[in-house]
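For reference, the structure discussed in these notes is given below.
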Amino acid sequence: MRGTGLVLCVSAALWSGTALAETALEAVRAADQKFEEAFNRGDAAAVAAMYTPDGAVLPPGAARADGREAIERFWRGAIDAGVGDITLRPEEVAESGDLAYEVGSATLKPRASGAPPVSVKYVVVWRRGQDGVWRLHRDIWNPNPQAAG
């Protein structure tokens, strides 16, 4: 009887640790890192694969890109235009069921020497698929005002 209680306690502890590791916060932080790595190596296909099949990118001053194929074209265009380094800083993540949102800021550094980095704020809606993987579903951002120099 005592052994059974110990097994149940250990099982519960292991299960709860696994559940905590699969929260939206942890998944989003890990996905942000993968996004940065893929983008910074110029892999627009890997970036687009991180979105839901019906995902959308809503960039400022440009047309909405719907679906992974259009999202890949959008990010390929940004990479080809000289955006070479992105750093994401998630500031807030909350989840409800299979949806979560992330609010954060990012810095994009042009590859051209002397070009100043661009600072943006963003909101991403994440959706967890039937496979349990969190993917970007809606992605929107706009530039921060330039700091007074």
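The values are calculated or read from the model by the stated rules, or taken from the named source; none is laboratory data. Everything numeric here is computed off the predicted structure, so don't read it as measured data. Heads up, the Cβs are rebuilt from the backbone with ideal geometry, glycines too, and the neighbour counts pull from every protein chain shown.
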Would you check if there is a residue in the range 12-28 being surrounded by 13 or more Cβ atoms within 10 Å (Cβ to Cβ), modelled with pLDDT under 95, touching a helix residue (DSSP H, G or I) at 6+ places or on another chain (Cβ under 8 Å) and not polar (S, T, N, Q)? yes
Looking at the range 40-57, which of the residues that are surrounded by fewer than 16 Cβ atoms within 10 Å (Cβ to Cβ) and of a type in the set (A, V, I, L, M, F, W, C) is farthest from the chain's Cα centre (by Cα)? ALA45
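Please indicate, with yes or no, whether at least one residue in the range 67-89 is more than 20 Å from ALA38 (Cβ to Cβ), exposed (fewer than 14 other Cβ atoms within 10 Å of the Cβ) and of a type outside the set (Gly, Ala, Ser).
Looking for residues that are more than 20 Å from ALA38 (Cβ to Cβ), exposed (fewer than 14 other Cβ atoms within 10 Å of the Cβ) and of a type outside the set (Gly, Ala, Ser), one finds none in the range 67-89, hence no.
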Of residues in the range 90-138 being under 18 Å from ASN40 (Cα atoms) and of a type in the set (D, E, K, R), the one modelled with the highest pLDDT: LYS109
